[in-house]
Amino acid sequence: MADASLDRAAEVLIDRGIQGPFACAMVLGTGLGRIADDLENAVSIPYADIPGFPGSGVSGHAGRLVAGRFEGRRVLVFAGRAHYYEHGDPAAMRVPIGVLTAFGSPPLILTNAAGSVRQDIRPGAIVAIRDHINFSGTNPLIGEAGDARFVSMTDAYDSRLLRRMKMTASTAGISLAEGVYMWFSGPSFETPAEIRMARTLGADLVGMSTVPEVILARRFRLRVAAVSIVTNMGAGIEGAAPSHSETRDVAATASAGLRRLLKAFVGGLEDV
Ligand code: HPA
């Protein structure tokens, strides 16, 4: 597929002083935006200024791209993401993710807030995503021409990055679970019956993001790691009735542990 849209975005970023390579790129989910403020020598560009980037309208999501140093490593941070439920476009993050190919194709670390469908994974837990189930019925590559759309998803979550994330957590004394994330379109939360179904089908977590980004990242041959903050038990588990304000509030308080994990993880990456 012709990627003039990626070229246009890359041109603007280069014009604004963004230069690769980067040790990694990160997408910050609900409650994690603060990491963008921790970057040193930061160059910050609102998504609105970058062609092809999504306007980001949901509360708790800032919508800016920040390049800088984090734990001594050069990183590119996406503070804010577009969700499928915002405009019905599963490829809304195509340009932000695809443009990474113009900056050395750094590994991509995705973060999110998620509900747990497992009683032993509680609110506040941090979970490395090992695999996913796309339950949305859609795919960000629908409509793309050419054979690059037939992306293999067998190794979507890079096993080396996952191993490294687990080792980092264990060294830092941060408890890190591992699980399968099931993507629901949202924006309504799941019903209790849907949560029971998710568990039966092999999910550990449910959420409304990340999966389309993983598919896009694999389309562009980026290595991916993804980590969730559990903000709530899935609907109906122990009477849970999740709400947006609850997920936002819990994500904000529970994000300290994930921030610590990301710091240790990025600090341990090779300098570039
Ligand atoms: N369901 C879907 N998305 C979520 C949840 C949930 O329970 N919690 C945080 N994001």
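We did not get these values from a lab; they are worked out from the coordinates using the rules stated. None of the values given here were measured: they were computed from a predicted structure. Here the Cβ is made from the backbone with ideal geometry for all residues, glycine too, and neighbour counts use every protein chain on show.
THR200 - would you say it is over 16 Å from LEU108 (Cβ atoms) and more than 15 Å from the ligand (Cβ to nearest atom)?
yes
How many residues are closer than 16 Å to LEU32 by Cβ and in contact with a helix residue (DSSP H, G or I) (Cβ under 9 Å, 6 or more places away or on another chain) when one looks only at the stretch 124-135?
5
Which residue pairs have Cβ atoms closer than 6 Å, lie 6 or more positions apart in sequence or on different chains, and pair a first residue in the stretch 176-192 that is at negative phi with a second residue that is acidic (Asp, Glu) and part of a loop (DSSP other than H, G, I, E, B)?
GLY179/ASP204; VAL180/ASP204; PHE184/GLU190
Using the structure shown, decide if GLY257 is closer than 18 Å to VAL127 by Cα and touching a helix residue (DSSP H, G or I) at 6+ places or on another chain (Cβ under 6 Å).
No.
Restricting to the stretch 218-242, what's the tally of residues that are within 10 Å of the ligand (Cβ to nearest atom) and either within 20 Å of the chain's Cα centre (by Cα) or not in a loop (DSSP other than H, G, I, E, B) (or both)?
Selection size over the stretch 218-242: 8.
Against the condition more than 16 Å from the ligand (Cβ to nearest atom), closer than 20 Å to ALA23 by Cα and not in a helix (DSSP H, G or I), how does ALA156 come out, does it pass?
yes
Considering only the stretch 253-266, I want to know if a residue exists there that is surrounded by fewer than 24 Cβ atoms within 10 Å (Cβ to Cβ) and within 9 Å of the ligand (Cβ to nearest atom).
Among the residues of the stretch 253-266, not one is surrounded by fewer than 24 Cβ atoms within 10 Å (Cβ to Cβ) and within 9 Å of the ligand (Cβ to nearest atom), which makes the answer no.
Restricting the search to the stretch 128-151, which residues are away from the ligand (no atom under 12 Å from the Cβ), under 17 Å from the mean Cα position of the chain (by Cα) and touching a residue at least 60 places away in the same chain (Cβ under 8 Å)?
Listed by number, the residues that qualify are ALA128, ILE129, HIS132, ILE133, ASN134, ASN139, PRO140.
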